[in-house]
1. (1) open to solvent by 10 Å² or more (accessible area, probe 1.4 Å); (2) not assigned by TED's automatic domain parsing to the domain that holds residue A:177: which one isn't true of residue A:392, the others all being true?
2. Quick one: how many residues across the range B:204-250 are open to solvent by 20 Å² or more (accessible area, probe 1.4 Å) and either within 14 Å of another protein chain (Cβ to nearest Cβ) or out of contact with any Phe, Trp or Tyr (no Cβ under 8 Å at 6 or more places or on another chain) (or both)?
3. Look at residue B:180 and say whether it is part of a strand (DSSP E or B) and either buried (at least 19 other Cβ atoms within 10 Å of the Cβ) or touching a Lys or Arg at 6+ places or on another chain (Cβ under 7 Å) (or both).
4. Which one of these does residue B:133 not meet: (1) open to solvent by less than 70 Å² (accessible area, probe 1.4 Å); (2) assigned by TED's automatic domain parsing to the domain that holds residue B:250?
5. Which one is surrounded by the fewest Cβ atoms within 10 Å (Cβ to Cβ) among residues in the range A:171-216 that are assigned to a helix (DSSP H, G or I) and in the same structural domain as residue A:327 (by TED's automatic domain parsing)?
6. Only one of (1) modelled with pLDDT of 90 or more; (2) open to solvent by less than 10 Å² (accessible area, probe 1.4 Å) is not met by residue A:74, so which one is it?
7. Is it true that residue B:201 is of a type outside the set (Phe, Trp, Tyr), out of contact with any helix residue (DSSP H, G or I) (no Cβ under 8 Å at 6 or more places or on another chain) and either outside the structural domain of residue B:106 (by TED's automatic domain parsing) or crowded, with 24+ Cβ neighbours inside 10 Å (or both)?
8. Looking only at residues in the range B:140-176 that are part of a strand (DSSP E or B) and among the hydroxyl-bearing types (Ser, Thr, Tyr), which one is farthest from residue B:113 (Cα to Cα)?
Amino acid sequence: MTRRSDRQTNDMTKNRRAEVPEKPRRASLFAALLLLGLCLLLSGCHGSKDRTEFSVPEAFDESKEYEITFWAKNDTNIRQTTIYEQAIRDFEALYPNIHVNLRLYTDYGKIYNDVITNIATETTPNVCITYPDHIATYMTGSNVVVPLDELMDDENYGLGGSETKVDAPAKEEIIPEFLNECMLGGHYYAVPYMRSTEACYVNKTFVEKLGYELPDVLTWDFVWEVSEAAMQKDADDNFVLNGQKVLIPFIYKSTDNMMIQMLKQKDADYSTGTGEIGLFNDTTKELLYTIGEHAGTRAFSTFKISGYPANFLNAGQCIFAVDSTAGATWMGTDAPLCDISEDKIVEFETAVRTVPQFDPAGQKMISQGPSICLFNKEDPQEVLASWLFTQYLLSNKVQIAYSETEGYIPVTSKAHADAEYQDYLSRGGEDNDKYYSVKIDAAQMLLSHTGDTFVTPVFNGSTSLRDAAGYLIECVAKSMRRKENVDDAYMQKLYSDTKALYHLENRMSASGKTDLGPLPSGAKALIATLVVVWILILAYVISEQVRKRAKRQ
Amino acid sequence: MKKKLAIALVFACTMMSVSVYAESAQPVEAAAEAVEAAEDTAAPAEEAAAPAAKSEGVMTYEEYMAAEMDTEVVIEAYVQAKQSWWEDEQGPKATIYAQDEDGAYFLYNAVVTQEDYEKLEVGTKFKATGYKSEWSGEIEITEAVIEIEEGSFTAEAFDATALLGTDDLIAHQNEKVSFKGMTVEPAQEGSDAAYLYSYDGSGSEGDDLYFNVSVNGAVYTFTVESYLCDSSSDVYKAVKELKVGDVIDLEGFLYWYEGANPHITSVKAAQ
């Protein structure tokens, strides 16, 4: 039996009960940010230059050895680890003078914390798997993250450049929607690595047993209706549908994504590109009342409250399980990965659908998945070496192999068109391993809806806003389960508390500035120490001047 | 002059960074120390005012177990191990294993300040008011507010070896338990390795360790939870030294995740 008991996550659906990985403690993160700020401030005062802006060298020096570090994230999936290792070996065979050190992570939050800490000590990795939201914070220091525009377009070493030994895609071959997600402030600061979205994994057998026909496009009304219809119990307090004591018809993994997608589908406010917050509106409130109603009847629950949707789905205790397509290998009776014991798995037909929609004719779903950024270094040759490795990660060999480990899709049209990939897609269901049907269905679903995907604006604070969106749902769901009174007064307080918790009040206006709240006592002590040190230095300087003048006289 | 200035600045920054780092590192060390302290003091139950006795308005263990999910519960118990403390926008969060004489409790994301978390030692009595919850089979108290009280009790590990694989094991969920005379099995089929980083080997140093042990012909998977016992802990190091075929005694806490998922805190050669 496999275990994912540490409440971890597969994708950007982060910050749930798995957050313990973020335990690396805000105290240290905050301190690192503060230290970073102070170091920048001090160096500025003394006229020191910031890290030099990167510019592409004329030629890559293959006579010199370069050691670069690559911080990679996997979905707690050994195949992905193996692919990274193989990619490094293959790349090093092309460029024997570049040595890549791999550091593995299974959680985006942990990478984020470690990067922040290492920016302060100037020990960032060279290449890093990341989310654009995180890059917005990394860019607090100047020239920390390498803008990729010049690199991408360089005729020698750019994408498809004449001097690279890597069979990388041309810039035009990166799916435009995915590439645009990596643009911050008019510049590319990352390239996409893999893309996924959320899917609704449906126990079709149960839907039909309840007398419904599964539509091609799920609507929210349909999902709520079927979920409530499934709640009927027999005289022994077992659910009629599955004969068990446990049934949660609808479970959502990432409530952040749930709220974000519902608002997008309703064309309601969430945030603007400049960071103005629109989340706390009347549409959100209506959605919360509806979600709360079904949480109250126990027809709906969340990962944070109850557990992984896949475990309930596979045990015949769930009908609609929404999770990332990057979690497809865990879904269904024959799923190659499973956390529950074999005796608990039930037989059913799994159907893959897009997330529920308000308007089936105008579907909207979130785009997510890892991107790659480069950190700037003193030696531009080292940065160029990192860029060459990054290009290798975009080659068909890596793109296709990695995408096949889960319901990801490659980010280049070049890989999509590759005969090997097309062959893979055409063989869904041939086995329950590489060709596992649910995984390939999930990938196909995203391929056919690439144009329907969207991302939320990235700004310094967008991560908090995302967390707040999920927090609203979790709070209402928990309150309804606890039979608390959820009314307008409750909602008003919830809005107010959430804005305060996530420091979003000042972003309600167009200020674009974030109120980070009062400084922790440690930070205050740190600043006080700094002030004292500066006073001592000034006193020393003055006394030296006085002493010298006295000498001269 | 410039040199002196530079030295002063470097000194100031170094001192600040050292003090900041030392402060931030404390919780992890404290967690590891708490577990090691638990191992060192795993002596018979210390006597204090009857550990099963409850203050007014506090549930007995039986009442707690009978309470419905998602209802408020008020319990009194004694810390047996501290797993982690961290903080986010929503506030501080502590995860704790606790027991009284009648049974065990798992407190997930209890609202405990860092100052109070440091006061909690193995044996410390506290009152917790939170919500009874279930996550993937783990019965726990969430969002508990904790008040430290007078009293001390350290539980003896319950020998659960004979209950492995039986339906009776769940009655000891979250308890401090021991498993004796267990034989180390390969962590994966066809492998000589005795442990894996993460459940499938996809992790690295610092991640949870997974290892298989057998008794009476059945194989069970145990875990060293890296937040409960990090890579600097004795148990983490001990598991990395295991060889297939070793016969060992284990202690830990009977965490539950879709079935028994013991979080091991001590590994020793079988006595």
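The values are calculated or read from the model by the stated rules, or taken from the named source; none is laboratory data. These numbers were taken from a predicted model, which means no experiment stands behind them. Here the Cβ positions follow ideal geometry from the backbone for every residue, glycine too, while neighbour counts run over all protein chains shown. Note: accessible area is taken over every heavy atom of the protein model, side chains too, but ligands, DNA and RNA are not part of it. Shrake-Rupley method; radii C 1.70, N 1.55, O 1.52, S 1.80 Å.
1. (2)
2. Number satisfying all stated conditions: 24.
3. Details: part of a strand (DSSP E or B): yes; either buried (at least 19 other Cβ atoms within 10 Å of the Cβ) or touching a Lys or Arg at 6+ places or on another chain (Cβ under 7 Å) (or both): no.
For residue B:180, the condition - part of a strand (DSSP E or B) and either buried (at least 19 other Cβ atoms within 10 Å of the Cβ) or touching a Lys or Arg at 6+ places or on another chain (Cβ under 7 Å) (or both) - is not met.
4. (2)
5. So in the range A:171-216, the residues assigned to a helix (DSSP H, G or I) come out as A:171-173, A:176-180, A:204-209.
Applying the additional criterion that residues be in the same structural domain as residue A:327 (by TED's automatic domain parsing) yields A:204-209.
Numbers: A:204: 18, A:205: 18, A:206: 24, A:207: 25, A:208: 12, A:209: 15.
Taking the candidates together, the pick is A:208.
6. (1)
7. No: the conditions fail for residue B:201.
8. Selected residue: B:152.
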